[in-house]
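Structure, as C-alpha cells:
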Amino acid sequence: MKKIFLIFLGAVALILAVAISYYMIAMSRLPADDGDLGQVEEIEVPPERPGTQSLILTGPIIRPLIFAIDMSKPNIKSLDWAELKSIDLTAEVKIKANVGPDGSLNFNPISDVRCPGHTKAGEMVGRVLQTWAFKPYKEGPITIRFNVGAIGKKLTIDISKLRRKEGVDPDTPIKVGRLYMIENGLKRNEVKIISW
Amino acid sequence: MAFRRIEARKDFELPTFIDIIFLLLIFFLLTYSPVPPKVGQSTLELNLPEAAGTAKVNQNEKLETMMIEIMPVNKEKPEMGLQVSVLLPFENYDMEKAGAVAYKDAKKFAKTYQREDVLPTEYVTLGKSEFMNLPAVKLINDQLDRYVQEKFRIAKLTNRIEIRADRSVSFRIINFIIEKCSSYEDLIPSLVFRTMFRQE
Amino acid sequence: MAFRKENSTNKKMQLISLMDVVFILLIFFLVSIFFASLPNEERRIFIPTPKNEPGYAQVLIQLIDENSFLYIDPFVTEKLVKEITQIDKKTFMSVAQRLQQKKELIITKNTYPIISQDGSGNFLKAKLMTLVTQADAHPEEKYFAMIRCPDELPYAVVIDVVEILSRTKYKNIQYGCVGGTIDDIRNSKSIEKKMVREGSVLRRNVVIQF
C-alpha cells in the first residue's frame, strides 16, 4: 500500500512538472514587460496621399476591344497569294461586302464581286473570302480590293463605313487588328487599311 | 485427484494504469494545436482577465519626434475628459541641443513647460469655432506650428508626428491633428499612430 | 458500555477519487491556458496625411456609425458605372431626380452592418480580409483604400481597418484616412461617370462632387 502511495506521489509530481513546463512554454510566447517597440518601416517611395475634396471612385481598367478576323471560328480559310498570282498576274478584284451582327462577311459572289476581265481570280477570291468572319464588335459595309499587279498597295480594305455594333459598350475603345488571312507572298507594307 | 484452488483475482494494476494515462496525456498534449477562429466566423466573446505581461509604454524609449498624447484623465471616470500632452524629443526649444529625451522625461518636461491641458468630453459636439478655442486644441495647434517651423523646414519623407491616443478617443480630435498636419502640405507626409492592440 | 475501537487498519486512502480530482484540475488548467486573454501591445501604424485635392479611391470605406459602413470596391464601381449610364439615359427625369437615384444606388445598395444582426460575424473585417486576400493573389495590382470616418466615432475603428489592410504580403494596398460623414455623399452636388486615361490605360471612374 505504501509503495502504491509513493508511486502515486511520484505521478502527481510528474503531472505538476509537465503542467509547469507547459505553462512556461505558453508564457514564453508573451511579450516582455518593457519590450522595445518595433521600428516603423521606412518609406522608400512617397506614400500615396488621400484627397479631401471630391471623391473619385476609380473603376477597373478598360481593355480595348480588337476588331480583327475571328480565329476562333471554324473553317476560316486563308488566301494563297502565290496561287492568286499564278491564276492572274494582273488580277483586279473588288468586293463590296457587309459585316453582319455576328461578324460574318456577307456578299453575293456574283453581284458583289467586281472583277472585269479577271473572272477566275474573282471566283477564287470570292470563294475564300466567304469563309472569313470578324469579331462581332462592328457591323456595316466593308470594301476589299485586290490589285495583284500594283506596284504599291496590293490590298486595300476600307472599314470606314463600319459602325460600332449595338450592345457593345460605347465607352470601350475598339482597335483594329488583323483584318485579312492571306499568306504566301503578300507583304505587310503592301496592305492599306482605310479606317476613317 | 487433487484440484488446485483457483487463485484469488489479482488486484487492479494501478501503476500500469497511471503509466498508460500519462503516456496518453503527454501524447495529446504534444499533438494538440489550438485552431484560431476564422475571420467573420462566429466567435465566442469572453470577457477574460488579461494574462500577465501587459506591454507597458517603454518609459526609457527616446522620442524621435513630437508626440501628441491623448489619454483619459481617469479611465474609470471618462467624464473627467482627456489629458492632452505634447511631448517633445528635447526638453524645450532653447535646449534642444541637449539630445533626445526619454519618454518619461518628456512627460516631466511637458508638465514643467505647460505643454499639457485637459480636453473636456463635450468637444465632440462643439461647433467649429468653440472647438478651436478649447485650450487643449489651441495647445496642439500652437505646438504643431512651432515644431514644424523649427524642425521641418524642408519637405522630407521622414518628417512625421506621432500620436499616442487611447482607443476610446473620438476621431474629431485625431482628425483635427490630421488636417492640421495636412495643411503643411508636403512638410509632414505622414503620421505615426501608436495604438494598443490585443495580441493575436 | 464498551465501545468497540474501530480498526484503524481498515482506513484506506481513496486513491481513485483523489486521482479523479487531480486529473480534472489538471485538465482545467491546461484548457484554461488557451482561453486566457492575451495582453494588449502597442503598435505603430503609419498613416499618410491627406492633400487638398480630389480624393481617388479604388476602395471606399465610409464609416457611418458604430454599427454600419459603406463599402465600394472596383467591382461595385464597375456595376455603378453601368447603372449610372442607365440613369443618365432617363432624360425624361430632371437632373435632381437623376442625382437622387444615383445617391440611392450608391448608398442603399452598399451599406452594411459592421456586426451582423445575430452577432455572429464581423462584416467589416470579412470585407477587408477579402480585399487583403485578393491583393495577395494579385501582387501586380495596386489598391488604394480611402477610409472616411465621422467625428464622433472612436478613432480606433480607423486604426483597426488600417491594421487589417496592412497585413498584405506584398504591401500592395495603400490607404489614406480623411474625416467625413455619409452626409457628404448624401448631399453631393453631382455624381458622374468619367473616362480617365492614366498613362496607357483607360479607367472608368465615378466622380462624386461634394
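The values are calculated or read from the model by the stated rules, or taken from the named source; none is laboratory data. No experiment lies behind these values; they were computed from the predicted model shown. Here the Cβ is made from the backbone with ideal geometry for all residues, glycine too, and neighbour counts use every protein chain on show.
Restricting the search to region B:113-128, which residues are more than 14 Å from B:Met71 (Cα to Cα) and of a type in the set (Asp, Glu)?
Result: B:Glu122, single match.
Please enumerate the residues belonging to region C:79-94 that are among the hydrophobic types (A, V, I, L, M, F, W, C) and either under 16 Å from C:Val207 (Cα atoms) or touching a helix residue (DSSP H, G or I) at 6+ places or on another chain (Cβ under 8 Å) (or both).
Filtering region C:79-94 for residues among the hydrophobic types (A, V, I, L, M, F, W, C) gives C:80-81, C:84, C:87, C:92-93.
Across region C:79-94, the qualifying residues are C:Leu80, C:Val81, C:Ile84, C:Ile87, C:Met93.
Among (1) more than 21 Å from the chain's Cα centre (by Cα); (2) within 9 Å of another protein chain (Cβ to nearest Cβ), which single condition is C:Phe144 missing?
Condition not satisfied by C:Phe144: (1).
Go through (1) on the phi > 0 side of the Ramachandran plot; (2) buried (at least 16 other Cβ atoms within 10 Å of the Cβ) and name the single condition C:Gly119 misses.
Status for C:Gly119: all satisfied but (2).
When you look at B:Asp186, is it surrounded by 14 or more Cβ atoms within 10 Å (Cβ to Cβ) and modelled with pLDDT under 90, yes or no?
On the way: surrounded by 14 or more Cβ atoms within 10 Å (Cβ to Cβ): yes; modelled with pLDDT under 90: yes.
Criteria met by B:Asp186.
Any idea which residue in region B:139-175 is surrounded by the fewest Cβ atoms within 10 Å (Cβ to Cβ), counting only those that are over 22 Å from the mean Cα position of the chain (by Cα) and within 23 Å of C:Cys149 (Cα to Cα)?
My answer is B:Asn141.
Hey, can you tell me all the residues within region C:158-210 that are farther than 14 Å from C:Ala57 by Cα, of a type in the set (S, T, N, Q) and surrounded by 18 or more Cβ atoms within 10 Å (Cβ to Cβ)?
The answer is C:Thr168, C:Thr181, C:Ser188.
With the checklist (1) outside any loop (DSSP other than H, G, I, E, B); (2) at pLDDT 85 or above; (3) out of contact with any Phe, Trp or Tyr (no Cβ under 9 Å at 6 or more places or on another chain) in hand, flag the one item B:Phe28 doesn't pass.
So the condition that B:Phe28 fails would be (2).
Could you say which residue among B:Ala106, B:Ala2, B:Ala51 is modelled with pLDDT of 90 or more and either surrounded by 13 or more Cβ atoms within 10 Å (Cβ to Cβ) or over 30 Å from C:Met129 (Cα atoms) (or both)?
Numbers: B:Ala2 fails: modelled with pLDDT of 90 or more; B:Ala51 fails: modelled with pLDDT of 90 or more.
On inspection, the qualifying residue turns out to be B:Ala106.
Within the set of pairs 6 or more residues apart or between chains, which connect a residue that is without any contact (Cβ under 8 Å) to a residue 60 or more places away in the chain inside region B:122-135 to a residue that is of a type in the set (Lys, Arg) with Cβ atoms less than 6 Å apart?
B:Val124/B:Arg172
Quick test of your reading of the structure: C:Glu66 fulfils all but one of (1) in contact with a strand residue (DSSP E or B) (Cβ under 8 Å, 6 or more places away or on another chain); (2) away from chain A (no Cβ under 14 Å). Name the failing condition by number.
Only one criterion is unmet by C:Glu66, namely (1).
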